[in-house]
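The values are calculated or read from the model by the stated rules, or taken from the named source; none is laboratory data. On a predicted model such as this, the values are computed, not experimentally measured, just so you know. Methodologically, a virtual Cβ is constructed for each residue, glycine included, from the backbone with ideal geometry; neighbour enumeration extends over all protein chains shown.
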Amino acid sequence: MSEKVKVAIVGSGPAGLTAAIYTARADLSPVVIEGEPSSTSDQPGGQLMLTTEIENFPGFVNGIMGPELMANFRGQAERFGATFNTTKVSKVDFSTRPFKLWTNTQEGEQPAYLAESVIISTGARSLLLNIDRETELIGHGVSTCATCDGFFFRDHDIAVVGGGDSALEEASFLTKFARSVTIIHRRKELRASKIMQDRAFANPKISFIWDSTVTELHGANSLEAVTVTNQITGENSKLNVTGLFVAIGHSPNTDIFKGQIDMDDLGYIVTKNGTATNVPGVFACGDVQDHIYRQAITAAGSGCMAAIDLEKWLKDSEI
Ligand code: NAP
């Protein structure tokens, strides 16, 4: 049997849970399909579940741990009547209303939910190197976000992996804190824009290791060094760094929405007039539609916008 709901929220990071708080307080009884813990890098609560201390989320003078912040978001949404389903949406059909959503736990002909409106907040994931101990050391030397974690590396020697705009931007930003920043790139040519390259080459704190990848991480409880392997000679060398920023790109979690909703060339959902998508009644917020800011606070802000946009749409559509 399909459950009929007024609002289905897909995803439970800061965007989805803020949308849940607002729609719950508006008496819309949202159901949050929050995802499920399928791996350490993919679990309910989104990317902040992989972060240690968050110092830049306003309101917490002494900072707060990522998982604790997300537990607070969730508890607040629950307090106002949001309900949670710990599973993933496996398929959607947005061609007619009510919208149909199938889940991992209720696959078959009948969708799990028939929803009058949907908020998509499935986020994005940082691409990782997929080497041993990488996810274990996230928050303990390994990071995918310089803005979030750079401050913790004051006077450290650190490395950045990647050769695109993100890697160079992160490296430049990190030189504000670090003693040295080594960019490790798998080719001899950078992919980044010329201006970013010029800036990086001119920065005395930045050096480069070319044609190389990071193949091993060392350190008992936190990162102490990495093994760098030259892709041409096969030679290994050890680089003593206490921080490793992986900046090899992001990927929006939009696979299940392909063909159902407009996306840009990178697979991010296109929004206009706030958080509206091209399908009336379907809204998107957070990193799934933002590849520029990607902060917890901006995601939360757009979650609030989505809830307000949705509430207005329901009213205007007399649903
Ligand atoms: P990107 O342009 O796709 O660059 C990814 C980089 O990581 C490439 O240099 C790639 O190497 C390397 N890489 C990929 N997989 C790897 C692996 N497994 N091991 C080692 N290296 C790997 O991604 P991005 O830098 O995140 O940028 C994404 C988009 O956002 C781009 O359009 C970019 O221009 C834009 N952006 C703009 C700004 C800005 O203008 N301020 C800032 C950030 C991002 P190869 O070069 O060999 O493929």
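Within segment 52-76, being of a type in the set (Gly, Ala, Ser), under 18 Å from the mean Cα position of the chain (by Cα) and at pLDDT below 95 holds for one residue alone: Gly66.
Scanning segment 77-113 for residues that are more than 21 Å from the chain's Cα centre (by Cα) and assigned to a helix (DSSP H, G or I) yields Glu78, Arg79. If you go through segment 146-160 one residue at a time, do you hit one that is within 12 Å of Thr242 (Cα to Cα), part of a strand (DSSP E or B) and within 11 Å of the ligand (Cβ to nearest atom)? Checked segment 146-160: at least one residue is within 12 Å of Thr242 (Cα to Cα), part of a strand (DSSP E or B) and within 11 Å of the ligand (Cβ to nearest atom). Only one entry of Gly123, Gly108, Gly141, Gly163 meets the criterion of being away from the ligand (no atom under 16 Å from the Cβ) and buried (at least 22 other Cβ atoms within 10 Å of the Cβ), and that entry is Gly141. Considering segment 252-266, and only residues there that are in a loop (DSSP other than H, G, I, E, B) and surrounded by fewer than 17 Cβ atoms within 10 Å (Cβ to Cβ), the residue that is nearest to the chain's Cα centre (by Cα) turns out to be Leu266.
Looking across segment 166-183 at every residue that is surrounded by fewer than 23 Cβ atoms within 10 Å (Cβ to Cβ) and more than 7 Å from the ligand (Cβ to nearest atom), the one that is nearest to Ser237 (Cα to Cα) is identified as Thr182. Considering the conditions (1) assigned to a loop (DSSP other than H, G, I, E, B); (2) without any contact (Cβ under 8 Å) to a residue 60 or more places away in the chain; (3) within 16 Å of the ligand (Cβ to nearest atom), Ile131 is excluded by exactly one of them, (2). Taking segment 51-74 as the region of interest, how many residues are touching a helix residue (DSSP H, G or I) at 6+ places or on another chain (Cβ under 8 Å), surrounded by fewer than 15 Cβ atoms within 10 Å (Cβ to Cβ) and of a type in the set (Gly, Ala, Ser)? Within segment 51-74, residues that are touching a helix residue (DSSP H, G or I) at 6+ places or on another chain (Cβ under 8 Å), surrounded by fewer than 15 Cβ atoms within 10 Å (Cβ to Cβ) and of a type in the set (Gly, Ala, Ser) number 0.
With respect to the conditions (1) touching a Gly at 6+ places or on another chain (Cβ under 7 Å); (2) near the ligand (Cβ under 10 Å from one of its atoms); (3) more than 21 Å from Asn130 (Cβ to Cβ), Thr242 falls short on a single one, namely (2).
Any residue that is within 11 Å of the ligand (Cβ to nearest atom) and over 25 Å from the mean Cα position of the chain (by Cα) - is there at least one of those in segment 214-224? No, there is no match, as no residue in segment 214-224 is within 11 Å of the ligand (Cβ to nearest atom) and over 25 Å from the mean Cα position of the chain (by Cα). Of the residues Val282, Val241, which is within 30 Å of Ser317 (Cα to Cα), of a type in the set (A, V, I, L, M, F, W, C) and surrounded by 13 or more Cβ atoms within 10 Å (Cβ to Cβ)? Going through Val282, Val241 in turn, just one is within 30 Å of Ser317 (Cα to Cα), of a type in the set (A, V, I, L, M, F, W, C) and surrounded by 13 or more Cβ atoms within 10 Å (Cβ to Cβ): Val282. Just one of (1) near the ligand (Cβ under 8 Å from one of its atoms); (2) at pLDDT below 95; (3) of a type outside the set (A, V, I, L, M, F, W, C); (4) crowded, with 19+ Cβ neighbours inside 10 Å fails for Gly249. It is (4).
The residue list Lys238, Lys315 contains one member that is modelled with pLDDT of 95 or more and assigned to a strand (DSSP E or B), which is Lys238.
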